[in-house]
Amino acid sequence: MEIWINKNKIQEEKNNKYKNAYEFSIKRNEYSTMYTHIDYVWRQFGMKKLNSIYEDLFIIGMSVFSIDKRISRTLSTDNWTRSFNVSIPVLELDKWEKEREKINETLRFLTGDVWNIEFRKTEEVYMECNRQVKKVNRINKEDFNAVSLFSGGLDSFCGAISLMEQGKSLCLVGHNEYPKLRAKQKELADAINKKYTSQNCKFISFSANSYAPICKNSKLKKGENTSRGRSFLFLCIAITLAGIIGDTTPVYIPENGFIGLNIPLTNSRKGSCSTRTTHPYFIKNINSILKGIGIQNEIINIFAYETKRAIVNKVKENEVFKKYAKDTISCSHPCIPRYNRDGNNFYPVNCGYCYPCLIRKSSLQDVEDLNESYTKEVDYNFITKNEDKDITSDTIAVLNAVYRYLNIEDIELVRLIKCTGKLEEEEIKKFKSVYKSTMEDLIELFSKDKKIKEYIGIK
């Protein structure tokens with residue numbers, strides 16, 4: 001599939017290859033199929049426009065995100081692997097051309113699709129603005145020395161606390177998916193900022209969305225919900241903000257090693273069916289690309305080789321953690337209660353039975369008086385009652401993974417780790433330890449229900 005990215009106010013003439021391409025546009029004051037308010041963020045920092053290489057990075061990130069979100073996998077021959085030829089306009093053509101193959105390789109690893117991104121030269125600047133943000137809303141870049149991704153989940157919350165304890169002053173970056181989640185993220189960030197009065201902690205959210213691309217005045221009606229490219233955009237935005245603060249300002253990703261590695265729970269979830277958002281190979285490649293185009297800001301996963309339980313235990317005595325950890329959202333579908341016809345429809349809330357929720361529960365076993373609430377409690381009756389329903393698919397997959405772990409040889413475990421992506425031998429050793437520790441945490445969690453214990457063969 002051929003795709004043309006347009007950021008010009010005047011329609012460019014396409015070459016023969018892209019003559020009939022689907023078009024995504026990101027234009028000011030005109031109809032666009034890519035939508036974002038990110039320009040308001042850099043205006044808050046007093047900037048009229050971005051440095052050209054960071055603008056290119058942002059446009060590439062928005063393009064990948066939009067394509068991934070709006071081109072259905074059902075259009076591919078195997079109902080999964082899509083093939084894209086994409087033309088993207090950039091200001092710094094020579095720099096991007098040098099990294100083109102690595103970018104394509106990295107995106108293929110992330111999304112499981114065949115990417116062939118081609119760059120073309122443009123002089124068009126996105127959202128250059130002479131208007132200034134009111135002084136009361138201005139952000140002083142000198143107040144910060146680091147950027148950290150902030151989803152409002154348990155890992156990012158613990159990460160922010162850990163970094164503040166190290167003396168960092170943080171810009172916490174979140175994706176504004178819906179108002180109630182943004183409000184939750186801001187509440188958590190404000191609590192951290194209030195605690196550390198000698199430092200600065202500011203939550204900055206960005207919006208990003210896309211609509212169906214246009215081709216010969218027609219649209220693709222069906223979208224895609226796997227959203228692998230969202231994380232790439234997230235990192236592009238974070239790097240852009242870091243670049244505003246300083247040339248070497250780091251971007252931190254607080255993600256536990258078990259989820260970062262993301263060994264498939266079952267054989268049906270192998271390959272790109274399992275997300276690779278914070279896999280070391282992906283992060284390593286992104287850092288290499290950034291260095292290749294002259295960006296010195298580095299992405300660092302501060303919890304790359306730690307379990308979620310270990311992360312929690314580092315900060316569990318912290319006042320902010322004690323008060324607000326229960327309000328963090330780890331769930332893969334926190335909005336489900338809004339559709340309840342009867343009973344409580346409060347959201348966002350942790351469901352208690354999805355994969356991230358179960359890992360969350362296993363990590364909090366050493367925390368007292370947390371007073372967590374979940375949509376449903378996982379017990380033997382819940383599993384047997386809903387065994388053939390989608391609601392238990394994650395729960396049963398996790399139980400199967402525990403069963404596999406109980407019966408696996410070390411050599412097979414190493415093979416599973418290697419199957420997630422390219423890793424060094426030392427990394428494999430570290431992830432082996434992380435995996436085993438997390439599975440033992442899950443065993444401890446499930447062993448509290450005797451019938452579940454018997455169900456998966458725990459002795």
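At a glance:
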{"quantity": "Length-normalised contact order of the chain in % [C-alpha pairs under 8 Å, at least 6 apart]", "calculated": "15 percent"}
{"quantity": "Proxy reagent accessibility, fewest Cβ within 10 Å first, across 327, 369, 410", "calculated": "369, 410, 327"}
{"quantity": "Restricting the stretch 50-141 to GluC sites (Glu not before Pro) in coil, as DSSP defines it, with at most 11 other Cβ within 10 Å", "calculated": "123"}
{"quantity": "Cα-based Rg and Dmax for the stretch 53-212, where Dmax is the largest Cα-Cα distance (Å)", "calculated": "19.1, 57"}
{"quantity": "Modelled label reach - residue 101, point 7 Å along Cα→Cβ, the stretch 276-298 residues with backbone N closer than 15 Å", "calculated": "289"}
{"quantity": "Residues 65, 84, sorted so that the one with the fewest Cβ neighbours within 10 Å comes first", "calculated": "84, 65"}
{"quantity": "Out-of-range pairs (alpha-carbon distance over 25 Å; input 27/184; 168/322; 194/314; 326/448; 322/432)", "calculated": "27/184; 322/432"}
{"quantity": "Extension gain from residue 288 to residue 178, taking 0.36 nm per residue of separation minus the Cα-Cα distance", "calculated": "36.3 nm"}
{"quantity": "Chain lengthening between residue 10 and residue 393 when straightened (0.36 nm per residue, less Cα-Cα)", "calculated": "133.0 nm"}
{"quantity": "Computed FRET value (nearest 0.05) for residue 31 with residue 207, which takes r as the C-beta separation and R₀ as 22 Å", "calculated": "0.80"}
{"quantity": "Taking the stretch 330-455 and dividing mean pair separation by its residue count, relative contact order in percent (alpha carbons under 8 Å, at least six apart)", "calculated": "23 percent"}
{"quantity": "Globularity index of the chain, i.e. its alpha-carbon radius of gyration over 2.2 N^0.38 Å", "calculated": "1.00"}
{"quantity": "Per-residue Cβ neighbour rank within 10 angstrom, fewest leading, 279, 37", "calculated": "37, 279"}
{"quantity": "Alpha carbon centroid spacing (whole Å) that separates the stretch 1-41 from the stretch 376-412", "calculated": "45 Å"}
{"quantity": "Anchor residue 219: aspartates and glutamates whose Cα lies under 13 Å away (excluding residues fewer than 8 positions away in-chain)", "calculated": "23"}
{"quantity": "Under the span-like rule (Cα at least 15 Å along the axis, Kyte-Doolittle mean at least 1.6), DSSP H helices of the chain", "calculated": "230-245"}
{"quantity": "Dipole of the stretch 330-455, positive end: most advanced residue of 435, 335, 397 [Cβ charges, Cα centre]", "calculated": "335"}
{"quantity": "Size of charge dipole - the stretch 330-455 - debye, nearest 20, with Cβ of Lys, Arg +1 and Asp, Glu -1, no other charges", "calculated": "340 debye"}
{"quantity": "Cα-based shape type of the stretch 330-455, given that a ≥ b ≥ c are square roots of the gyration tensor eigenvalues and the cut on a/c is 1.5", "calculated": "prolate"}
{"quantity": "Size of electric dipole in the chain: Cβ of Lys, Arg +1 and of Asp, Glu -1, about Cα centre, debye, nearest 20", "calculated": "1060 debye"}
{"quantity": "Low-density loop positions, trypsin sites (Lys or Arg not before Pro), the stretch 165-221 - DSSP coil, at most 13 other Cβ in 10 Å", "calculated": "216, 221"}
{"quantity": "In the stretch 231-312, the trypsin sites (Lys or Arg not before Pro) that fall in loop regions by DSSP, at most 16 other Cβ within 10 Å", "calculated": "270"}
{"quantity": "Distance between modelled label sites at residue 370 and residue 386, nm, 7 Å Cα→Cβ extension", "calculated": "2.0 nm"}
{"quantity": "Whole-Å distance, taken between Cα centres, linking the stretch 436-459 and the stretch 60-89", "calculated": "40 Å"}
{"quantity": "Two-site FRET efficiency, residue 411 against residue 447, from Cβ-Cβ distance with R₀ of 35 Å, rounded to 0.05", "calculated": "0.85"}
{"quantity": "Cα-based reach from residue 451 at 19 Å (exclusive), listing aspartates and glutamates while leaving out same-chain residues under 8 positions away", "calculated": "377, 379, 387, 388, 394, 440, 441"}
{"quantity": "Label-point gap, in nm, between residue 78 and residue 94 - each point 7 angstrom along Cα→Cβ", "calculated": "4.0 nm"}
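A short reminder: the numbers here are calculations on the coordinates, not readings from a lab. All values derive from a computational prediction rather than experimental measurement. All Cβ positions, glycine included, derive from the backbone under ideal geometry; neighbour counts span all protein chains shown.
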